[in-house]
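Inspection log for the structure reproduced underneath, given as structure tokens.
Since every read-out is calculated from the coordinates, none of them should be taken as a lab result. These figures come from a predicted structure and were not determined experimentally. Here Cβ is always computed from backbone atoms with ideal geometry, including for glycine, and neighbour counts include all displayed protein chains.
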Amino acid sequence: MPDDTETRRVLVVTAHPDDVDFGAAGTVATWTGAGIEVVYAIVTSGEAGEAFPETPRSEVGALREAEQLAAAKCVGVTDVRFLHWPDGRLVPSLELRRDISRVIRQVRPDRILIPSAELDLTRIYASHPDHRAVGEAAIAAVYPDARNPWAHPELLEVEGLEPWAVPETWVMSAKSATEAVDITDAFDRKVAALQAHASQVGGREGLDKMLRDWGTGLAQKMGLGENRIAEAFQVVDTR
């Protein structure tokens, strides 16, 4: 495991409400439990999501933001920022790179957690086009944009945001996971965080078992042994 002793602040960037909770809520709970500050930047409000039979479409974004705020509290996160890009229409544009770079310069994290930009046809739900767009834009924001004073010059010249180099990037749902986090003791908090997304998982039978099976399978694959639950990531040195 990478050394967390000098990690004070982590920025998590995802495409939608609930992405972080499926992929990393147990890890986030482990970090906050160790005294690490975690900040969420959610690119969209999930307003194009499904399963809203009784909610007017105009109110879906606000509902999903409220669910994400509740889920964040379950794992010790109080700083949640919504960037209000259009759900279902993301591309890794210069403008999206600029907006993620802005948050990086504001938060100045020691570590960033992002989606994978890879298309994995064996895990198509993890390869949602919005996830991949945010993954590509976020890694470009880490390198080279956020650290380069001449990239998006308005961030420095107009907003006064000094460049920042993120030392370490963690990638969710990566094909080549290199690090496992043992979330056995935080598993109940992960489940609680996902249950806060009632519009997405409300009434889903077997949620606890599904998450447990995923986690125990990862733990065994990554060498943590039986009766352990894990989340896994690709860790990239981006100093």
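As a footprinting exposure proxy, order V166, V39, V91 by other Cβ within 10 Å, with the fewest listed first. If you can, show how the numbers build up before the last one.
Details: V166 25, V39 20, V91 13.
Least crowded to most crowded, the residues run V91, V39, V166.
Compute the Rg/Rh shape ratio of the chain: radius of gyration over Kirkwood radius, all on alpha-carbon atoms.
Values: Rg = 17.1 Å, Rh = 18.0 Å.
Result for the chain is an Rg/Rh of 0.95.
For the stretch 173-218, max minus min Cα coordinate along each principal axis, in Å, sorted largest first?
Projected onto the principal axes, the Cα atoms of the stretch 173-218 cover 33, 23, 15 Å.
For the pair A70/V91, report the inter-label distance in nm, with labels modelled 7 Å from Cα in the Cβ direction.
Between A70 and V91, the label points sit 3.6 nm apart.
Need the full-extension length gain, T238 to R9, defined as separation in residues times 0.36 nm minus the C-alpha distance. One decimal, nm.
Numbers: separation 229, 0.36 × 229 = 82.44 nm, distance 1.56 nm.
Length difference between fully extended and current span is 80.9 nm.
Mind counting lysine pairs for me in the chain? Cα separation below 19 Å, and the two need to be 8 or more apart along the chain or on different chains. Let's see the in-between values first.
Working: K73/K190; K175/K221; K190/K209; K209/K221.
Number of lysine pairs found: 4.
Please order H197, H84, H16, H128 by the number of other Cβ within 10 Å, starting at the fewest. Please report the intermediate quantities before stating the final value.
On the way: H197 22, H84 14, H16 27, H128 17.
By the 10 Å Cβ count, ascending: H84, H128, H197, H16.
Cα centroids of the stretch 10-44 and the stretch 205-239: how far apart, whole angstrom?
Computed from Cα coordinates, the inter-centre distance equals 16 Å.
To make sure I understand, if each residue's beta carbon is the centre and we count other beta carbons within 10 Å, what order do S101, S127, S58 fall in, fewest to most?
On the way: S101 26, S127 18, S58 8.
The order, fewest Cβ neighbours first, is S58, S127, S101.
Where in the chain are the helices, taken as whole DSSP H runs, whose Cα atoms extend 15 angstrom or more along the long axis and whose Kyte-Doolittle mean reaches at least 0.0?
19-33, 60-74
What 222 nm value per residue comes from the helices of the chain, counting each DSSP H run with n ≥ 4 as -39,500 (n - 2.57) and dividing by all residues, nearest 500 deg cm²/dmol? Intermediate values should be presented prior to the final figure.
On the way: 8 runs with 88 residues, N = 239.
Per the formula, -11000 deg cm²/dmol.
Please label the shape of the stretch 65-117 as rounded, prolate or oblate, based on the square roots a ≥ b ≥ c of the eigenvalues of the alpha-carbon gyration tensor (a/c under 1.5 means rounded; beyond that, a/b larger than b/c means prolate, else oblate). Numbers along the way, then the final one.
Details: a/c = 1.97, a/b = 1.31, b/c = 1.51.
Note, shape of the stretch 65-117 comes out oblate.
Taking the simple approach of a point 7 Å from Cα along Cα-to-Cβ for both A198 and W150, what is their distance in nm?
A separation of 5.4 nm, rounded to one decimal place.
What does the extension gain come out to for T55 and Y125, with contour length at 0.36 nm per residue minus their alpha carbon separation? Could you put the intermediate results ahead of the total?
Working: separation 70, 0.36 × 70 = 25.20 nm, distance 2.39 nm.
Gain in length upon complete extension: 22.8 nm.
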